[in-house]
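The values are calculated or read from the model by the stated rules, or taken from the named source; none is laboratory data. Bear in mind the structure is a predicted one, so any value in this text is a computation, not a measurement. Here the Cβ is made from the backbone with ideal geometry for all residues, glycine too, and neighbour counts use every protein chain on show.
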């Protein structure tokens, strides 16, 4: 069993390295362990760990449906390994998601906070439920070692068909819903991958990938434990996979033809070549190897076809999840080595649990055979069920694997730059006033990502000059309308706009404390009198509140961030108008924030006649309705 021991040693080493990276990730956050950015918020952990992991685990529902629904009993020997692989695959998805979430302790929120219109909500619930179903499907296997729990095992076995049907239903739902997530990205995902039938393509590819993944698991374990390969079953599985792959290829090509995007394949761009490579290794090579008379039934060619197909569909999920968006995000992303370490660690951990299960429970029809004496293993050769397992039943093996884990973890810690062991939080970003007059640029942090705002149109629609207080709820002395940035002084942080030193000077120094703080009480914000105790709308010497303002003077101590102020004011008003005029899109982000699109009516560079790279363009119908381009040119020129 040297192969198994060496393989476990490698797996434990990878887990040790991943442990060091995970420690830093959960201590210091995503920024310390990923290359993610605002343009690419989803990276390797979503593309591979989550999307790829869900697809790779599809063999569970495919094989159980084949055996228990289609009654193909010849595939019964691979049901247990398939269900175990699927269960561990979904468990790995959950672990990978924990690493990717900015607030991983909120992973339980979908169970309480229901967002019925969200595709991600449906995916979260289906994954949780299907993970539970897979656990119940596999539970009878370990329960064979516990005779006292025989009633539970018998109950699960008797109701197996119900679990199988639930598993097929749930897996079908969320395999396709992963594709639904990307239907809201027509201007972000490249046309070779974006399609209205993306959910259908995800589901079909999951079926073929599930068949090939079950075959790969069988090939790997047969090699490690020197079992006789189940060539006759693998040949049939791959033959079915070839038919499914053929259907997938036809549907995908027809989709490109119907949508008129087939010419993008020949545009000689990196996307077109990447698409060709994906189709070649995910579908064409496996189909040829699985159907050719020269290669049919030969273990080496089956292995090559399976590896090619699995790699191709993992690449497909990575493409849809991020790579195919690189041309529209104006940001470069390549996973950090720490991201690869976490993903490899998740896979290695799942593999160790799989090996533990097949060595301790009756996952196979026949137990694995020893490399030296070729005699079947008996349970005493392995660690007793319920003890702590470190990968090898012998003390020497336990020490060896433990040492590999510790050494790899230490090596991982040595590679991590621990220059700072605390989070710096949000960096202060001073807010700037909007530029322009009738048509303004709202770009508080001057990063070029601005919103164009038709000031004159809003003023007219809200009641001419009488409407100023709707937005300008406070003003400084001698100001007609004080800029938002005067009080909301930071783009992301709350600002205290109460100047204590000035008030103390105005009121007579230290002797004035009791004018605001009652005698005998702690002098703090909580005990201070309200601002309107002294101030009123006619007091011209200090900050004034417009009489029509919905905000009272005693609420002007702390000003929210510039972003929160804009969103709180604009979004609230737009939603109210949207409900009144029955225009749902009027309350969405794209009403103010334009898309990044290849084909657009206007480009900001052309308007401003600058040499800056075009990142934002005016492309939504609402923006085209509201913006007078000539006025926009005049406004920019006047700056």
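A few points about this structure:
- Number of the condition not met by residue 39 [criteria: (1) more than 30 Å from residue 364 (Cβ to Cβ); (2) at pLDDT 90 or above; (3) outside the structural domain of residue 401 (by TED's automatic domain parsing)]: (2)
Quick grid of which residues meet (1) on the phi > 0 side of the Ramachandran plot; (2) part of a helix (DSSP H, G or I); (3) more than 16 Å from the chain's Cα centre (by Cα):
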| position | (1), (2), (3) |
| --- | --- |
| 27 | no, yes, yes |
| 54 | no, yes, no |
| 71 | yes, no, yes |
| 80 | no, yes, yes |
| 84 | no, yes, yes |
| 87 | no, yes, yes |
| 105 | no, yes, no |
| 124 | no, yes, no |
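- Being out of contact with any strand residue (DSSP E or B) (no Cβ under 7 Å at 6 or more places or on another chain), modelled with pLDDT of 85 or more and surrounded by fewer than 21 Cβ atoms within 10 Å (Cβ to Cβ) is a property that holds for residue 300.
- Only residues that are within 33 Å of the chain's Cα centre (by Cα) and closer than 21 Å to residue 359 by Cα were counted across segment 132-156, and they come to 6.
- Qualifying positions in segment 22-49 - within 17 Å of residue 350 (Cβ to Cβ) and buried (at least 23 other Cβ atoms within 10 Å of the Cβ): 44, 45, 48, 49
- The listed residue being more than 30 Å from residue 34 (Cα to Cα) and at pLDDT below 75, out of 462, 421, 476: 476
- No other residue among 568, 560, 520 is exposed (fewer than 11 other Cβ atoms within 10 Å of the Cβ) and at pLDDT 70 or above apart from 520.
- Selection from segment 270-293 of residues that are loosely packed, with under 15 Cβ neighbours inside 10 Å and touching a residue at least 12 places away in the same chain (Cβ under 8 Å): 277, 280
- Taking every residue in segment 182-204 that is assigned by TED's automatic domain parsing to the domain that holds residue 260 and pairing it with any residue that is surrounded by 22 or more Cβ atoms within 10 Å (Cβ to Cβ) and not in a helix (DSSP H, G or I), at least 6 positions away or on another chain, the pairs with Cβ-Cβ distances below 6 Å are 182/189.
- When 273, 243 are checked against the criterion of being over 18 Å from residue 200 (Cα atoms) and either at pLDDT 90 or above or over 27 Å from the mean Cα position of the chain (by Cα) (or both), 273 stands alone in meeting it.
- The residues of segment 324-381 that are modelled with pLDDT of 85 or more, crowded, with 18+ Cβ neighbours inside 10 Å and not in a helix (DSSP H, G or I), listed by number, are 335, 361, 363.
- Filter result for the condition that a residue is assigned to a helix (DSSP H, G or I), closer than 22 Å to residue 188 by Cβ and touching a helix residue (DSSP H, G or I) at 6+ places or on another chain (Cβ under 9 Å), over 290, 275: 275
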